[in-house]
Structures are given as structure tokens and as C-alpha cells.
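Engineer: Below is a structure I'd like to ask you about.
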Amino acid sequence: MSSGARRLLLLSAAVLGLLGALEVLCRVEAEGLAAISHRVRFKLALLHGKGDVAFVALGSSRSNDGLAPAALGLGEGFSAATPSSSLATLEYMATHLGAQKLVLVELSRPQWDPQPLELDAVPPTDFTGDPLGEWLHAHSVLLRVRRGFALENLPRVAGLLLSKQLDGSEWFRSRQLVEMFRPAQPPPGVADDAAWAPAPPTADPALLDADSPRVVDGYVRALEALKKTGARVVLVAPPLAMLWRVEDCAPPMNALRAEVVRRTGAPVVDFTCAAVDDRWFVDGQHLSSPGRARYSKALGEALRALP
Amino acid sequence: MLFHSATFLVSVAVLVAAYWLAPWHRARLVLLFAASLVFYGWRHWPSVFLLLGSIAFNYALGRVLEKRRSRGLLAFGVALNLSFLLYFKYARFLVEQLIHLGALLGVSLEVPKPDAWMPLGISFFTFQVVAYLVDVYRREIPAERSVLVFAVFKSFFAQLVAGPIVRGSEFLPQLRERRAFEAERLHRGAWLILCGLFLKVGVADVIGEYVDFAWSAPDTLGFNNAWLVAYAYAAQLLADFWGYSTMAVGLGHCFGLVLPVNFDNPYASASLREFWRRWHITLSGWLRDYLYISLGGNRGVSKARAAFNRLATMALGGLWHGAGWNFILWGTLHGVWMDLELATEKARAKWPRWLGVLVTFHVVVLLWLPFRAPSMARLGQFVTQLFTGQFDVAMPTQTIVMTVGFLALQKPLFSLVRYERLETLKPWAEVTLAALMAWALLAYGSAKSDFIYYVF
């Protein structure tokens with residue numbers, strides 16, 4: 001065999017062999033690779049790996065950054081909150097969480113985003129003229145979970161292996177890397193203890209807009225799914241800096257949160273309108289490390305005070 | 001059919017096997033021609049008739065031109081070929097300009113806007129066949145005797161829709177000759193196809209996601225992100241078109257055919273004239289040989305006339321890319337800058353090369369803006385943000401990493417995509433790189449698709 005033929009075979013074997021081997025791997029380890037490829041599945045896989053916990057928190061990056069399960073004082077908890085969360089994420093989580101004792105569900109604007117939940121890698125937008133590509137995308141597990149092979153997702157493998165030791169809050173935190181090297185200090189001279197008090201949202205049905213039923217119905221469905229498994233559900237809303245508070249604590253938003261509380265009948269711990277110091281936040285809506293400790297303490301106290 | 005679709009890649013593998021198994025040269029050509037027609041008609045079959053008509057007409061005209069060297073006949077042939085281009089590509093634009101002009105003069109023109117479909121690659125195959133007719137007329141090549149050879153020359157799917165623009169002198173002799181199978185050539189072809197695929201799907205499309213998003217609302221960009229988009233588009237366009245051209249050259253090798261190389265590290269050019277010797281090389285060569293020289297070039301003419309010739313060539317080159325004022329502006333600005341370069345040649349000769357490269361690169365990057373702009377209004381918004389926009393704290397990390405990485409690694413990338421001497425790449429290095437490219441395509445490859453130059 002000539003050198004050219006040998007090298008052609010080597011090249012083909014390298015590329016096709018790699019893709020074939022990965023396809024087999026994806027079929028054998030379908031669940032694990034699906035978990036690595038998507039943040040929502042990943043958090044669920046971590047939780048299932050961890051086993052029995054006292055409570056689970058669901059929500060967006062606001063809760064993911066703001067809530068330290070261990071600091072709540074409610075026993076061993078787990079944060080299943082994820083960035084880019086939406087109402088579809090909440091409903092998916094609620095139906096896949098399994099039996100839980102207590103679930104804290106974030107009640108804030110990012111959580112009712114209408115964005116659909118894309119669990120698999122997005123297939124090409126246009127399969128016109130590519131029937132084989134369409135067939136491959138329909139039948140290949142590898143193409144569905146291909147994002148799992150991205151470098152930034154590989155540390156999730158270690159996460160799944162160590163799931164028993166983790167509480168879920170180790171992932172996806174804003175500025176986590178920066179704060180590892182330069183821990184944020186509590187704001188000097190801050191005196192806002194009185195502001196860290198939750199207050200239920202003010203109801204005003206006249207302020208509900210045309211989009212409200214979508215949000216309310218989504219929460220109702222999610223909470224019903226959770227309650228079916230025997231979980232106690234509490235709605236929680238994290239605090240915000242002034243810049244974001246003026247929008248989220250506006251009367252129409254308050255009315256919407258109040259309507260969700262009324263329709264679901266769940267207890268609520270709402271910090272949305274709490275006039276806390278802006279310096280607890282890294283960007284106005286995500287809490288810094290000290291802010292996270294402060295909020296978790298206040299939330300824990302409020303939850304323990306619930307009947 | 002797109003080069004980076006699974007259907008195309010598998011079909012090509014089958015075609016390559018059938019091609020080399022076919023015992024007769026004529027059978028191989030028939031296979032290539034049939035495959036090219038299927039490829040061309042895949043998305044829009046009526047276009048095939050345009051292609052077939054063009055093949056028949058230009059084949060016959062070439063034969064007649066060889067027998068009777070008539071300037072009028074050549075002019076007729078060129079005009080007829082260009083008239084199709086004019087109708088399919090520019091008629092709507094011209095009518096719109098006429099209506100605008102009428103409105104400016106206070107005349108309301110009720111002219112229906114032509115709504116013709118745009119046959120894929122019409123700009124490329126029109127230029128290819130015009131070059132053929134001129135070459136026959138100039139007695140630089142004989143007219144092709146075999147209609148089958150001519151049909152494959154005109155329709156070979158690897159270069160039909162987006163080049164490289166192949167000359168008769170370099171491609172026809174290859175098609176006439178029966179080639180022996182060379183595993184080395186097939187190996188090189190497979191390597192180039194993989195490299196092109198990586199450049200297109202793993203680099204250009206990934207960067208393009210943010211570029212497209214940014215251009216949809218340029219007035220919302222911070223100045224930092226506007227600059228990022230300017231650099232990112234320069235990277236996207238090169239990766240896209242270089243990727244396509246590399247796949248085309250690779251496909252040629254799979255059938256034992258050599259297609260010309262279209263890119264040679266263009267962003268390392270120290271002047272715009274050098275840039276055009278390294279960017280879309282086959283188009284630059286065409287514009288030089290069939291337009292610039294026909295206009296009078298720069299020999300035996302006044303400096304002003306030579307400057308005009310350059311400007312006109314570049315403006316028409318811009319117009320060739322698309323029916324829009326932005327393309328004319330882009331081409332004209334290239335011509336203006338080239339004239340400026342010539343006027344300041346003595347001063348520039350004292351510059352270190354890196355300074356020339358830096359200046360030229362930024363000129364090219366800024367001149368891509370009208371090329372990319374969907375409208376002149378958006379171009380104005382974008383340029384405003386470039387120079388007066390606020391600082392935007394949120395920057396797309398992936399786009400930054402990809403753009404900087406791709407632009408910074410131009411030299412090694414161009415040396416890795418080997419068109420001639422693949423055997424100098426060690427087998428272990430080749431396998432490692434191939435596996436890395438396949439992995440990158442898998443993990444990061446974009447779902448978005450279409451070659452930018454397909455629309456030209």
C-alpha cells in the first residue's frame with residue numbers, strides 16, 4: 001500500500017473512528033452525557049446523585065447567585081437554580097424533580113420568561129436539500145448532546161462524580177471565579193438590617209396584563225406537579241438593588257406575583273421590595289458573596305418563621 | 001446542495017468511488033457532468049436549463065470565434081452573457097434606482113419591479129465563460145472541441161457556485177486528459193475538505209452568530225462591541241470564503257483535478273494592492289486581465305487615466321459582489337485607497353513592514369463595513385456607534401476568543417491548510433489535528449448555515 005493510501009486510511013479512521021466511538025459512548029452513557037450537555041439536566045443529575053435532601057431551591061440566576069443552601073439552617077439542601085431560566089425550565093424541573101420534602105420556587109421576573117427550554121443542541125435551522133443531515137439529527141444521540149463535549153462543560157463530569165459532596169450552588173455563579181481570588185468584602189458601614197424583611201406582594205387584579213394568565217397558569221402547573229409528589233412548596237423572591245427594584249417592585253409586577261400566590265395558595269417569602277443596600281450586589285440583580293450570605297440568613301429566618 | 005451538508009459529503013464519497021472505478025475517461029466526464037447538474041438543480045431545478053443553455057451557446061460561440069476572429073461576435077457573446085447577469089442580479093436594483101431618480105425629479109414612474117429568481121453562482125460562471133470567450137478570441141487558448149469537456153469545464157460542481165473562477169487555459173487541458181488514480185491526491189483532497197469544513201462551520205458560522213445579531217440593531221451596540229463586530233466580521237468573511245474555496249480545491253483533488261488557490265494569508269498584506277493579490281485571487285486576476293487591462297491599465301496612459309482605470313475596476317468589482325450602493329461604495333473606496341497608496345508610495349516605502357500590515361488590515365476591516373451593512377442607514381448607525389457609542393460592559397466572550405484566536409493564528413493556519421505538500425505534515429500531527437477539528441466541529445460547530453459568497 002502506498003504512503004498516500006495509508007495516510008488516507010489513517011485520516012479517515014481518525015475522523016470517522018472518533019465520531020463513531022463518541023456515538024457509541026453517547027448511547028452507552030446516554031444519561032450522563034445528556035446531563036453534561038445541558039445545565040438543567042446537569043442540576044437534576046447532581047440532585048439525583050446526591051440523594052435525599054431537606055429542601056430544593058428552584059429559580060433563575062438570581063437565586064443561583066443569592067442562595068447558599070447550607071446558610072439557610074434548614075438542613076442539607078440543594079440549589080437546582082440555573083441561569084437563563086424560564087417558565088418552561090420551572091415546569092420541566094417541577095415534573096422531573098422527584099419526591100421532595102420542601103421546594104423553594106423563585107417568584108421573580110426572569111423565572112417567568114417565555115423562552116422555550118432547548119434541552120438538546122439546536123439542529124441546523126434549514127435542512128432543505130439535506131435529507132441525510134435531517135435523518136442523522138433525528139437518529140444520532142451524539143448530535144443531540146454534542147454541546148457536552150465543549151471544553152467549558154467538561155468539568156461537569158467531575159461534578160457528577162462528586163455529586164454526594166455538592167449542594168448544586170457551586171455551578172453557574174456570576175463572578176465566582178473572580179471572587180475565588182478576590183473575595184468580596186461586606187459593604188463597609190452598611191446599616192440596612194431593618195430592610196431585610198420580606199413583605200407579601202400587593203394584589204390589584206386591575207393591573208394584570210394580557211400575559212399574566214401565561215405566567216400564573218405556568219406556576220399553577222409547576223406547583224401542582226410538585227405538590228403531587230408530596231412536597232411542601234414555598235414561593236420565594238430574592239432582593240434587588242434600586243436599579244432593578246424600581247421595575248420589579250412596580251405595582252403591575254406586584255399584582256402579578258400576588259396573583260400567583262393567590263392561585264397557587266402557596267406561602268410566600270418576598271424580598272422584591274426590600275430596600276436593601278445596593279452594595280450587596282455585583283450588578284444590581286445578582287448578589288455578591290457577602291450579599292448571598294446576608295440573603296440566605298434572612299431567607300432562612302423567614303422560612304423558619306413560617307407556620 | 002451545500003458543501004457542508006451530510007447529503008453532499010456522502011454523495012461526493014460515492015461519486016469519487018464511481019468516478020475512479022469508471023474505466024473510460026468519457027464515462028468519468030459524464031459522471032461529473034451529471035453530478036454537477038444534480039448539484040446545481042438540487043435547490044432550484046429550473047436554473048439547470050439556464051446552465052445548459054449557457055453551455056450550448058458558449059460552446060458554439062467559442063468554435064465560431066476560433067474560425068472567425070470577429071470583435072463584434074465577441075462583443076455579442078460577452079454582452080449576451082452579461083445581459084443574463086444584469087437581468088437576474090441587477091434588474092430589480094436598476095429599476096428601483098430609476099424610480100428613486102424619478103421621485104427626485106418629481107416624476108412618478110409606474111415601472112414593475114422585476115422579480116426574477118437569482119440563479120446560484122451566476123456571477124461566477126458568467127465571469128468564467130467571458131474569460132473563456134476572450135481567451136479564444138485573443139488566441140490564447142483553442143476553442144474546446146469536445147462538448148462534454150466544455151460542459152464539465154463550465155459546470156464542475158466544486159467551483160460552479162462560488163469559484164474559484166477557473167480559466168480555460170488551466171482547467172480544460174486537465175479535463176481532456178485521462179488521469180491515473182493517485183491515493184496521495186485523494187488524501188490531500190480529504191484533508192482540505194476537512195480543513196474547509198472546520199473553517200466554515202467551526203469558525204465562520206460561530207463568529208457569524210454574534211455578527212448577525214449585532215448588525216440587526218447596530219444602534220444598540222457599545223463602541224467596544226461595535227469594534228469587536230468589525231474585527232469579527234473580517235474574521236468571519238475570511239474563514240467562510242477561505243473555507244469554501246479550500247473545500248473546492250479539496251474536491252478537485254478528489255477527482256484528480258487542480259483548482260486554483262484563492263487565498264494566501266491576505267490580512268498579512270502591507271498594502272491594498274498586495275491584499276488583492278492574496279484575497280479572492282482568481283477574481284482579482286480576472287478583474288486585472290479582462291477589465292483593468294481592457295480599460296487601458298496603467299501602461300502608456302496618463303497617471304490620471306490609470307487612477308481612473310483602477311477606480312473603475314474596483315467600483316465594478318464591488319458591484320459584481322451585489323446589487324447595492326454599499327457594494328459600489330466598498331469597491332470605490334478600495335480604488336480610492338489604492339490610488340492614495342500609489343500617491344504616497346515613496347513615503348510608505350520607509351515604513352517598516354509591520355506598520356504597513358497594521359494600517360492595511362485596519363483599512364480592510366473598516367471597508368468591510370459597507371460590504372456587510374444590510375442598508376446605508378444601518379451603516380450610518382454602525383459607524384456612529386464605532387466612534388461615539390457608550391462602553392458596553394457585557395461582551396460576548398466566545399466571539400472575542402474566536403475572533404482574536406483566528407486572526408492571531410493566521411500564519412500557522414495558512415501553513416496547516418496545505419494545498420501542495422501535505423506529506424510534509426507528520427502523520428501523527430495530521431491525525432491529531434484532524435481529530436481536534438472533528439471535535440471542534442462537534443462541540444462548537446454552529447447550527448447556522450450558508451456560505452456568504454453563495455449570494456454573489
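The values are calculated or read from the model by the stated rules, or taken from the named source; none is laboratory data. The model shown is predicted, which means the values in this text are computed figures rather than measured ones. Virtual Cβ from ideal backbone geometry, glycine too; neighbours counted across all protein chains shown.
Engineer: Under the condition of being buried (at least 16 other Cβ atoms within 10 Å of the Cβ) and not in a loop (DSSP other than H, G, I, E, B), which residue from the stretch A:208-218 is farthest from the chain's Cα centre (by Cα)?
Structural biologist: Across the stretch A:208-218, the extreme among qualifying residues is A:Ser212.
Engineer: Could you check the stretch B:389-403 and list, in sequence order, the residues that are modelled with pLDDT of 90 or more and either under 27 Å from B:Trp330 (Cβ atoms) or not hydrophobic (A, V, I, L, M, F, W, C) (or both)?
Structural biologist: Result: B:Thr399, B:Ile400, B:Met402, B:Thr403.
Engineer: Check whether at least one residue in the stretch A:68-76 is in contact with a helix residue (DSSP H, G or I) (Cβ under 7 Å, 6 or more places away or on another chain) and on the phi > 0 side of the Ramachandran plot, and report yes or no.
Structural biologist: yes
Engineer: Before we move on, is B:Leu175 of a type outside the set (Gly, Ala, Ser) and within 14 Å of another protein chain (Cβ to nearest Cβ)?
Structural biologist: No.
Engineer: Does the stretch A:4-35 hold any residues that are farther than 15 Å from B:Ala434 by Cβ and within 11 Å of chain B (Cβ to nearest Cβ), and which are they?
Structural biologist: A:Gly4, A:Ala5, A:Glu23, A:Cys26
Engineer: Is it the case that some residue within the stretch B:138-147 is surrounded by 16 or more Cβ atoms within 10 Å (Cβ to Cβ) and not β-branched (Val, Ile, Thr)?
Structural biologist: yes
Listed here are the residues, each with its yes/no results for (1) within 17 Å of B:Arg277 (Cα to Cα); (2) surrounded by 14 or more Cβ atoms within 10 Å (Cβ to Cβ).
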residue: B:Asn309; (1), (2): no, yes
residue: B:Thr313; (1), (2): yes, yes
residue: B:His334; (1), (2): yes, yes
residue: B:Thr344; (1), (2): no, no
residue: B:Phe371; (1), (2): no, yes
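Engineer: Counting only residues that are within 10 Å of another protein chain (Cβ to nearest Cβ) and either assigned to a helix (DSSP H, G or I) or modelled with pLDDT of 90 or more (or both), how many does the stretch A:141-153 have?
Structural biologist: Looking only at that region, the number is 9.
Engineer: Could you figure out which of (1) assigned to a helix (DSSP H, G or I); (2) within 12 Å of chain B (Cβ to nearest Cβ) isn't true of A:Met1?
Structural biologist: Tallying (1) assigned to a helix (DSSP H, G or I); (2) within 12 Å of chain B (Cβ to nearest Cβ), A:Met1 fails exactly one: (1).
Engineer: Going by what's in this entry, would B:Tyr244 be described as farther than 27 Å from B:Leu86 by Cβ, in contact with a Phe, Trp or Tyr (Cβ under 7 Å, 6 or more places away or on another chain) and touching a residue at least 40 places away in the same chain (Cβ under 8 Å)?
Structural biologist: In short, no.
Engineer: May I ask you to list pairs of residues, at least six apart or on different chains, whose Cβ atoms are under 7 Å apart, with the first in the stretch B:183-196 being at the interface with chain A (Cβ under 7 Å from one of its Cβ atoms) and in contact (Cβ under 8 Å) with a residue 40 or more places away in the chain and the second being polar (S, T, N, Q) and surrounded by fewer than 22 Cβ atoms within 10 Å (Cβ to Cβ)?
Structural biologist: Within 7 Å, the pairs are B:Ala190/A:Ser12.
Engineer: Moving on to the next point. Does any residue of the stretch B:10-24 turn out to be among the aliphatic types (A, V, I, L, M), in contact with a Ser or Thr (Cβ under 9 Å, 6 or more places away or on another chain), on the phi < 0 side of the Ramachandran plot and away from every other protein chain (no Cβ under 14 Å)?
Structural biologist: no
Engineer: Within the stretch A:277-286, is even one residue out of contact with any strand residue (DSSP E or B) (no Cβ under 9 Å at 6 or more places or on another chain), part of a helix (DSSP H, G or I) and either buried (at least 16 other Cβ atoms within 10 Å of the Cβ) or not hydrophobic (A, V, I, L, M, F, W, C) (or both)?
Structural biologist: yes
Engineer: Does B:Lys200 meet the test of being within 14 Å of chain A (Cβ to nearest Cβ), under 20 Å from the mean Cα position of the chain (by Cα) and either at pLDDT below 95 or in a helix (DSSP H, G or I) (or both)?
Structural biologist: Yes, satisfied.
Engineer: Can you give me the ranges of the helices (runs of 4 or more DSSP H) entirely in the stretch B:1-113 with at least 3 residues that are modelled with pLDDT of 90 or more and of a type in the set (Val, Ile, Thr)?
Structural biologist: The qualifying helices (runs of 4 or more DSSP H) are B:6-21, B:46-67.
Engineer: Being crowded, with 16+ Cβ neighbours inside 10 Å and more than 30 Å from A:Gly32 (Cβ to Cβ) narrows it down to one of A:Pro239, A:Pro186, A:Pro205, so name that one.
Structural biologist: Only one candidate passes the filter, namely A:Pro239.
Engineer: Do we have B:Ser36 as within 15 Å of B:Leu251 (Cβ to Cβ), within 14 Å of chain A (Cβ to nearest Cβ) and out of contact with any strand residue (DSSP E or B) (no Cβ under 6 Å at 6 or more places or on another chain) here?
Structural biologist: No, not satisfied.
Let's see how each residue does on (1) in a helix (DSSP H, G or I); (2) more than 14 Å from chain B (Cβ to nearest Cβ); (3) more than 16 Å from the chain's Cα centre (by Cα); (4) among the β-branched types (Val, Ile, Thr):
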site: A:Arg62; (1), (2), (3), (4): yes, yes, no, no
site: A:Ala71; (1), (2), (3), (4): yes, yes, yes, no
site: A:Gln100; (1), (2), (3), (4): no, yes, yes, no
site: A:Val105; (1), (2), (3), (4): no, yes, no, yes
site: A:Gln115; (1), (2), (3), (4): no, yes, no, no
site: A:Ala121; (1), (2), (3), (4): no, no, yes, no
site: A:Leu132; (1), (2), (3), (4): yes, no, yes, no
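Engineer: Same structure again: Criterion first (buried (at least 24 other Cβ atoms within 10 Å of the Cβ) and either more than 10 Å from chain A (Cβ to nearest Cβ) or touching a Leu at 6+ places or on another chain (Cβ under 7 Å) (or both)) does B:Arg167 satisfy it?
Structural biologist: no
Engineer: Criterion first (small (Gly, Ala, Ser) and more than 12 Å from chain B (Cβ to nearest Cβ)) does A:Gly168 satisfy it?
Structural biologist: yes
Engineer: While we're on this one: Taking the stated definitions as given, is A:Leu90 part of a helix (DSSP H, G or I) and in contact with a Gly (Cβ under 9 Å, 6 or more places away or on another chain)?
Structural biologist: Yes: the conditions hold for A:Leu90.
Engineer: Now for a separate question. Restricting to the stretch B:282-307, count the residues that are more than 16 Å from B:Phe125 (Cα to Cα), polar (S, T, N, Q) and not in a loop (DSSP other than H, G, I, E, B).
Structural biologist: Matching residues across the stretch B:282-307 total 1.
Engineer: I would also like to ask the following. Does the stretch B:151-164 hold any residues that are touching a Gly at 6+ places or on another chain (Cβ under 8 Å) and closer than 18 Å to B:Tyr137 by Cβ, and which are they?
Structural biologist: Result: B:Phe153, single match.
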